[in-house]
Structure formats: C-alpha cells, structure tokens
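Have a look at the structure below before the remarks.
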Amino acid sequence: MIDLLIDNFGRPVKSLRISVTQKCNYNCIYCHMEGINYNVSNEMAPKEIERISRILVKFDIKKVKITGGEPLIRKDIIEIIEAFKKTGMNEISMSTNGSLLKELAKPLRKAGLNRVNISLPSLKKEVYEYITGGGKIENALEGIDAAIEAKLTPIKINTVILKGINENEFYDFINFSKDKKVILQLIELVETTPYFYEKYHVNLDKYENEIKEKALKIEVRDLHNRKKYKLDNNVEIEFVKPMHNSLFCLKCDRIRITPDGKFKTCLFVNNGLIDFLTSMRNEENDEKIIELLKKAISLRKPYFKNI
C-alpha cells in the first residue's frame, strides 16, 4: 500500500510544482517569481531533480508542473523532462512564456512533456511589449502554433487581467481561444505590492457572471474548486482567483520546490523553507530527504482560511 502524504489539515499531497530557474528572458510587470523573494545562487542539476522525483513518486506524487522564471532558458531542460518521465511522473506540464517554444516544442514532447500553459498577456504588440518588458508577441504566437503542432495538449493560455492595460481585450482573448482551440485561463492579479495591486487589480466576478449566462456547460474542477465554462463556440474558459480564496486553499494538493532545492509550503509563504539539496550534496541517504519532505508537509496550512 502506498504511503500518502497528508498534511495537518487533512489535505493529501498529490502534485509537485517545481521552479527550475529564477532566470527569465522577460521582465513582466506582475511577475511574482513563484513566491521566491531571494536571489537563487545555484540551481538543481538534472540528476538531483531526478533523485527528488524518484522519492516523490514513492508517495504517489506523479503529477508535476515545471515553472520558472522561464524554464526553457535552461539548456538542459530536455534532460530534466526526461528525468521526470524516467522516474514515473505520469503527468508532466510546464508554464512558459512561449518565446522559445517554436524550436523546442517537438523535442519537449518527445522527451515526455504532456502539455503547456503559455502566458499571453496581450494580443496587441505594444501592450504585450510593455507588460513583458520587451518581449516580442510574434515569438509567443509562433510558440503557441508550435505547441499545437507538437500536440502539447490541452494547451492553456494564461492571461492576467490588468486594469487599464489589457482589460479591454477580454473578448479578443475569447475569439483567439476559439480560433486556436485552446483553453483560456483568466487570472486575477496576485498581490506583490499593495500599490501595484490596488492600481491594476480587476475583480473577475463581473466577467465570470457574463460568461456563466452564455455557457452551455459548467464543470467544477476538484482542484481549487475552479469552474470551467464551455461556450457554444467551443471555447473553454477558466477563472483563476487565488487571492482571499479559502476554497482555493482548501483544495490545494501541491508541494513546491525552489530552483535551489528547498521545499516551499505555499506560494504566499516565504519563511520555513526546507533545504534538502544540501543534504543531497552531502551524500545523505533517501531516508534523510524523506524526513525533510515530511517536515515540509507538516508545515503546510491554508493561507486563506476564511473568505
């Protein structure tokens, strides 16, 4: 019988979210760097990622999302995907800005990557460049097409809605999703600094209510109790609202890993990181790493307990 990892709030840990680098070729104005608020001086090597993956799979954690920074910045990203596949991860996904996907989509698929989430903050060249700090929308669009061709599906387009910047593109994104046959994830801004949040945050409830009236079908994803709306034009839309959302936290099944080999219990929690990479490099056995893993699980708690 598999020994599941369950935290003190009765939440089983079923998935991994791992940031493999802090580096990025973009400088998005809203980036929260996966909640990592310090400079990473050393990144885990593929062999070290392979080892922690083998340990997690023993506890039936077989679902991983690879993030950054920008994961495709790493020259050994194919090797990292292969490591996860080899160790038994059966659902391997990645969040990317898509700018490097044109050449990498097919090699990534061959290595074992199942699907991608691609950030697309605007469909307007100038707005895209502003939000990303100089990114070229042409590269992202070519990356989306390459991902479609490589069958890295279902492809999700991640769009953070920003007041006064891209909010007026709401229905443009829906039309784009229809044409590309991708799932649209509309994301509420996560608070990084109070000033920025107050200036650009958009409450997505009004948009969700509009879509709800038009939906032919509504499904509820178990993870984070998130609703998925299917429209009559075959568009699928998900609204992602993590801020002040106790239901989001109640369903959280993730353990997070930083690029420098630390367990992180929550996106919003920056203290209590559990360093396991030092133990690995000191050639300590798997039992020690499992002890650190279980310590991290014991520290997990819902960040938002009440709406």
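Laid out as a table, the results:
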item	result
Residue within the range 157-174 that is under 20 Å from N97 (Cβ atoms), aromatic (F, W, Y) and within 20 Å of the chain's Cα centre (by Cα) present	yes
Residue in the range 119-131 that is crowded, with 18+ Cβ neighbours inside 10 Å, under 14 Å from the mean Cα position of the chain (by Cα) and not small (G, A, S) present	yes
Boolean, S93 is among the polar types (S, T, N, Q), closer than 29 Å to D179 by Cα and touching a residue at least 60 places away in the same chain (Cβ under 8 Å)	no
Helices (runs of 4 or more DSSP H) enclosed by the range 177-254 - at least 1 residues per element that are crowded, with 19+ Cβ neighbours inside 10 Å and either without any contact (Cβ under 8 Å) to a residue 60 or more places away in the chain or aromatic (F, W, Y) (or both)	205-214, 246-250
Among (1) surrounded by 15 or more Cβ atoms within 10 Å (Cβ to Cβ); (2) touching a strand residue (DSSP E or B) at 6+ places or on another chain (Cβ under 6 Å); (3) without any contact (Cβ under 8 Å) to a residue 24 or more places away in the chain, the one test that D275 misses	(1)
In the range 134-172, the residues that are in a helix (DSSP H, G or I) and of a type in the set (S, T, N, Q)	N139, N168
Residues satisfying the stated conditions in the range 117-133, i.e. of a type outside the set (V, I, T), out of contact with any strand residue (DSSP E or B) (no Cβ under 9 Å at 6 or more places or on another chain) and either part of a helix (DSSP H, G or I) or in contact (Cβ under 8 Å) with a residue 60 or more places away in the chain (or both)	K125, E126, Y128, E129, Y130, G133
For I289: the one exception among (1) within 21 Å of the chain's Cα centre (by Cα); (2) farther than 28 Å from Y171 by Cα; (3) among the β-branched types (V, I, T)	(1)
Number of the exception - I29 against (1) more than 24 Å from M89 (Cα to Cα); (2) among the β-branched types (V, I, T); (3) surrounded by 18 or more Cβ atoms within 10 Å (Cβ to Cβ)	(3)
Check on K75, out of contact with any Lys or Arg (no Cβ under 9 Å at 6 or more places or on another chain), among the charged types (D, E, K, R) and part of a loop (DSSP other than H, G, I, E, B)	yes
Residue, farthest from E34 (Cα to Cα), within the range 93-116, restricted to residues that are surrounded by fewer than 19 Cβ atoms within 10 Å (Cβ to Cβ) and in contact with a strand residue (DSSP E or B) (Cβ under 8 Å, 6 or more places away or on another chain)	G112
Where E34 falls short, out of the listed (1) more than 22 Å from T193 (Cα to Cα); (2) charged (D, E, K, R); (3) in contact with a Ser or Thr (Cβ under 8 Å, 6 or more places away or on another chain)	(1)
Flag if V40 is at pLDDT below 95, within 30 Å of D286 (Cα to Cα) and buried (at least 17 other Cβ atoms within 10 Å of the Cβ)	yes
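The values are calculated or read from the model by the stated rules, or taken from the named source; none is laboratory data. Since the model is a prediction, treat every value here as computed from it, not as a measurement. Ideal geometry is used to build each Cβ from the backbone, glycine not excepted, and the neighbour counts take in all protein chains shown.
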